[in-house]
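Below is one structure, written out as structure tokens; the observations come after it.
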Amino acid sequence: MADVKLVDLKKSYGTVDIIKGVSLDIRHGEFVVFVGPSGCGKSTLLRMISGLEEITGGDLYIDGARVNDEQPRERGIAMVFQSYAIFPHMTVRENIGFGLTLAGTPKAEKERAVGEAARVLQMEHLLDRKPSQLSGGQRQRVAIGRSIVRKPKVFLFDEPLSNLDAALRVDMRMEIGKLHKDLEATMIYVTHDQVEAMTLADKIVVLRAGEVMQVGSPLELYHNPANQFVAGFLGSPKMNFLDVEVKEARDGGVVVASPALEPVSIPRAIGAFRSGGRAVLGVRPQFLHPGEGADRGHLHGRVSLVERLGTETVVNVDLTAGGRVVVALDGDRPFDLGAELLVGFEPSKAHLFEAA
Ligand code: ADP
Ligand code: MG
């Protein structure tokens with residue numbers, strides 16, 4: 001266990017800045033997830049922590065010591081990648097113990113460590129198999145086992161579940177969460193999958209183009225996104241965004257309107273707004289309801305697509321005034337394609353962001 005501190009960490013290749021000054025405090029035993037779209041710098045940042053990537057600027061501390069110039073193996077970290085990188089000619093036992101063999105660990109101690117890792121990963125019955133006799137999920141567990149036996153201070157995971165099929169991903173996700181609890185280890189986990197981030201993280205770090213957009217617990221970020229990017233990245237289906245005009249900005253709410261929307265006062269407005277300016281209204285699909293109801297923000301359109309998932313019905317509505325919103329309703333609800341539909345939202349459930 002160890003805490004990890006990033007102070008204005010930077011990475012550039014030549015004149016191209018990839019990581020643009022990231023500062024972050026990761027506490028002992030915390031599960032931190034770096035999430036963001038492909039190419040935003042997640043792997044680069046993780047590799048800078050691991051020592052596989054040189055740090056251009058700033059300071060990195062593990063357990064209080066500055067490690068910028070330490071070799072990967074001196075940093076007390078273990079890294080698990082998307083590709084399992086296990087040896088096909090070795091058994092599970094040999095693969096898991098490989099790092100200890102290299103380090104010249106005494107046999108009895110190695111056997112104990114491998115046995116313990118196998119127990120934690122529920123692989124005791126598979127120790128004599130070769131990787132070709134394992135499923136994808138089991139192979140990934142071997143790779144994790146290999147990192148566990150080294151008793152690292154910090155575990156780093158780079159999209160470890162991306163190569164697995166959907167059902168297995170869910171299983172492995174739960175196993176990694178359980179592993180974190182069992183080992184009480186500091187873990188830093190990279191993914192582009194917001195569901196993995198929401199379910200695993202104590203703390204999510206949302207990255208965009210090498211910069212931190214927001215740091216917080218999954219539900220903090222979900223309920224109080226600091227900007228449109230974070231709001232659009234977390235949550236499924238994605239939050240709806242509508243371009244609106246600011247009619248009046250005052251304490252307690254910003255009144256906005258658009259050709260699709262009669263004036264409505266939005267209490268949760270993040271940023272600076274002025275009358276006559278533009279803004280972006282955000283409403284999650286779960287907070288749009290069909291019919292007049294008690295809601296005050298109303299949008300009129302026609303049903304253009306219906307996805308009936310059993311537990312949820314997702315309806316796309318093409319707005320009469322242009323644009324489209326997605327409505328997510330509990331349960332199985334029939335809708336006719338092309339039917340007119342009025343959807344409304346409670347203004348307190350909406351967000352107002354500055355226009356980009
Ligand atoms: P992510 O893991 O979030 O998908 P990466 O960290 O792999 O993103 O990459 C971040 C950015 O850095 C990308 O735009 C990528 O093209 C660039 N990049 C990565 N490695 C190099 C390199 N060796 N030279 C130049 N650019 C690189
Ligand atoms: Mg990556």
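The values are calculated or read from the model by the stated rules, or taken from the named source; none is laboratory data. Because the structure is a prediction, the values reported are computed rather than measured. Positions of Cβ are generated from backbone atoms using ideal geometry, with glycine treated the same way; all protein chains shown enter the neighbour counts. The protein model used for the area step is the full one, side chains on, heavy atoms only, and it has no ligands, DNA or RNA in it. Shrake-Rupley method; radii C 1.70, N 1.55, O 1.52, S 1.80 Å.
Being at positive phi and touching a residue at least 24 places away in the same chain (Cβ under 8 Å): is that true of residue 63 here? Let's see the steps before the verdict.
Values: at positive phi: yes; touching a residue at least 24 places away in the same chain (Cβ under 8 Å): yes.
When the stated conditions are applied, residue 63 passes them.
Set side by side, the residues 220, 245, 211 differ, and just one is under 21 Å from residue 29 (Cα atoms), open to solvent by 30 Å² or more (accessible area, probe 1.4 Å) and at pLDDT 95 or above, which is 220. Which residues, taken from the range 191-201, are open to solvent by 50 Å² or more (accessible area, probe 1.4 Å) and within 15 Å of ligand 2 (Cβ to nearest atom)? Correct list: 192 only. Exactly one residue out of 204, 188 is touching a Gly at 6+ places or on another chain (Cβ under 7 Å) and either surrounded by 20 or more Cβ atoms within 10 Å (Cβ to Cβ) or of a type in the set (Gly, Ala, Ser) (or both), and it is 204.
Do you know which residues across the range 306-321 are open to solvent by less than 60 Å² (accessible area, probe 1.4 Å), out of contact with any Ser or Thr (no Cβ under 9 Å at 6 or more places or on another chain) and touching a residue at least 24 places away in the same chain (Cβ under 8 Å)? Scanning the range 306-321 gives 314, 319.
Looking only at residues of the range 155-176 that are in contact (Cβ under 8 Å) with a residue 40 or more places away in the chain and open to solvent by 10 Å² or more (accessible area, probe 1.4 Å), we find that the one that is farthest from residue 27 (Cα to Cα) is 163. I need the full set of residues from the range 40-57 which are within 7 Å of ligand 1 (Cβ to nearest atom) and either open to solvent by 20 Å² or more (accessible area, probe 1.4 Å) or of a type in the set (Ser, Thr, Tyr) (or both), in order please. Hits for the range 40-57 are 43, 44. Of the residues making up the range 12-33, those that are within 25 Å of residue 202 (Cβ to Cβ) and either outside any strand (DSSP E or B) or open to solvent by less than 60 Å² (accessible area, probe 1.4 Å) (or both) number 12.
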